[in-house]
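The values are calculated or read from the model by the stated rules, or taken from the named source; none is laboratory data. The shown structure was predicted, so the numbers you read here are calculated from the model rather than taken from an experiment. For neighbour counting, all protein chains shown are included, and Cβ atoms are generated from backbone atoms with ideal geometry for every residue, glycine included. Side chains included, ligands, DNA and RNA excluded: accessible areas come from the protein's heavy atoms. Shrake-Rupley method; radii C 1.70, N 1.55, O 1.52, S 1.80 Å.
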Amino acid sequence: MSRQQLIDQIKQKRSFLCVGLDTDIEKIPSFLKAYPDPIFEFNKRIIDATQDLCVAYKPNSAFYEAYGVKGLQSLIATWEYLPKDCLSIIDAKRGDIGNTSDKYAKAFFDEASSGMGFDAITVTPYMGNDSVTPYLAYDNKWIIILALTSSVGSKDFQYLTTENGFLYETVIQKANTWAGADRIMYVVGATKSTEFTNIRKFAPDNFLLVPGVGAQGGSLEDVCKYGMNKDCGLLVNASRSIIYASNGEDFADAARAEALKMQQQMEVELEKAGVI
């Protein structure tokens, strides 16, 4: 999916919601465990209930890899089922030397090889450009680089000072030399909302993938106030608050209700910013 196609979807759906498919078999409704692939059945129903309200889906690979071959089969089936008008993000947070990154890219981008062809992948940049550039060899794919996370431990490294400012600022400045805003996004936690103004100094046009709204307590209004640009420039992810809105047979309806609530709030913010 190109940058313009993503912008068009945001305007059409009046939403910049990304639904995180962090599907934990221990948390899904128990009746689904009678199905041959409970994880995929859960994901399928969540997707059916929310696809008109969001512009992206983001499975977290750990929730699938934990179950070996069966988990990977669930992930492949989920990728195949994702609607083509939504950006597909694999939240894998990979980061390794060039030849290893090349294989990770092949695993998640090369459908002929692995059965998966996601549009985007999250990566950690701390081994430098050779850990990121192999992903850029794939045309029309996005690389989403960890910049400033919402985790408690973010202060351990991301706020260390360098000659170019905080380490997270240096990461953004350096990564911008590897590719443009049509290929690179940044992860910025919603709980760091006041930092968005600073981040926009270094990444005015890039899309920002923003976890932390919802169950983690981040404010959507603050994220938009400080982080939205003329094209929206935001993908706000919600996982637990949507997919686990109910643990009963009505879980898909409950997920839709939560997604609709967020979409309606996003529509207000998009109108307020003049994006739509």
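Entry note: the chain has Rg to Rh equal to 0.95, where both radii use alpha-carbon atoms and Rh is the Kirkwood radius. In a DSSP loop and with at most 12 other Cβ atoms within 10 Å, the trypsin sites (Lys or Arg not before Pro) in the range 82-124 are Lys84. Between Phe42, Cys224, Phe31, the Cα set farthest toward the positive side of the dipole of the chain (charges on each charged residue's Cβ, about the Cα centre) is that of Cys224. Over the residues of the chain, the helix contribution to mean residue ellipticity at 222 nm works out to -12000 deg cm²/dmol, using -39500 (n - 2.57) for each DSSP H run of at least 4.
In the elastic network of the chain, a GNM with C-alpha springs shorter than 10 Å, the most mobile of Asp22, Asp156, Asp182 is Asp156.
Here, the range 1-81 has an Rg and a Dmax of 13.9, 42 Å when only alpha carbons are counted. Reported value for the range 38-126: 93 Å³ per residue, from the convex hull of its C-alpha atoms. Largest GNM mean-square fluctuation among Tyr81, Tyr64, Tyr244, using the chain with Cα springs under 10 Å: Tyr81. Using a Förster distance of 30 angstrom, determine the FRET efficiency expected from the C-beta separation of Asp52 and Asp205, and round it to 0.05. After rounding to 0.05, the efficiency reads 0.65. Of all lysines in the structure, the ones whose alpha carbon falls short of 19 Å from that of Lys13, not counting any fewer than 8 places away in one chain, are Lys58, Lys84, Lys230, Lys261, Lys272. With Cα atoms defining each centre, the range 143-173 and the range 79-123 are spaced 24 Å apart in the structure. For the range 3-99, the fraction of 1.4 Å probe accessible surface lying on carbon and sulfur atoms is 52 percent.
Radius of gyration over Kirkwood radius for the range 1-152, both on Cα atoms: the Rg/Rh ratio is 0.97. Inter-label distance, Ser219 to Thr197: 1.3 nm, where each label sits 7 Å from its Cα along the C-beta direction.
Along the chain, counting only GluC sites (Glu not before Pro) with a DSSP assignment other than H, G, I, E or B and at most 12 other Cβ atoms inside a 10 Å radius, the longest segment between sites is 27-162.
When the chain is fully extended, how far beyond the present Cα-Cα distance does Thr170 get from Asp102, taking 0.36 nm per residue of separation?
Here the answer is 22.1 nm.
Couplings 3J(HN,Hα) of the range 189-195, computed from phi: x, 5, 6, 9, 4, 5, 7 Hz, in residue order, whole Hz [Karplus 6.51 cos²θ - 1.76 cosθ + 1.60, θ = phi - 60°; x for Gly and Pro].
Accessible area per residue of the chain at 1.4 Å probe, in Å²? Kindly include the intermediate steps, with their values, before the conclusion.
Working: 11600 Å² over 276 residues.
Per residue, the chain has an accessible area of 42 Å².
A cut-off of 5 Å between modelled amide H atoms, ignoring neighbours fewer than 5 places along the same chain, links Val213 with Ala190, Gly218, Asn237. Just so you know, the averaged projected area of the alpha carbon convex hull for the range 74-152 sits at 5.9 nm².
Near Ile276, the amide H atoms lying under 5 Å from its own belong to Glu271; only residues 5 or more places off or on other chains count, and H is placed 1.01 Å from N. Rounded to the nearest 20, the size of the Cβ-charge dipole of the chain about its Cα centre is 340 debye, with Lys and Arg at +1 and Asp and Glu at -1. Among Pro59, Pro83, Pro36, the residue with the largest mean-square fluctuation in a Gaussian network model of the chain, with springs joining Cα atoms closer than 10 Å, is Pro36.
So if I place +1 on the C-beta of Lys and Arg and -1 on the C-beta of Asp and Glu, and nothing else carries charge, what would the dipole magnitude of the range 48-191 be about its Cα centre? I want it in debye, nearest 20.
Numbers: 11 positive and 17 negative charges, 51 e Å.
About 240 debye.
Kirkwood analysis of the range 152-234, using all unique Cα-Cα pairs, places the hydrodynamic radius at 13.1 Å. Histogrammed with a bin width of 5 Å, the alpha carbon distances of the range 193-260 distribute as 4, 17, 24, 19, 13, 11, 7, 4, 1, 0 percent, first bin at zero.
Run the accessible area of the range 169-276 with a 1.4 Å probe and give the carbon-and-sulfur part as a rounded percent. Within the range 169-276, the accessible surface is 45 percent carbon and sulfur.
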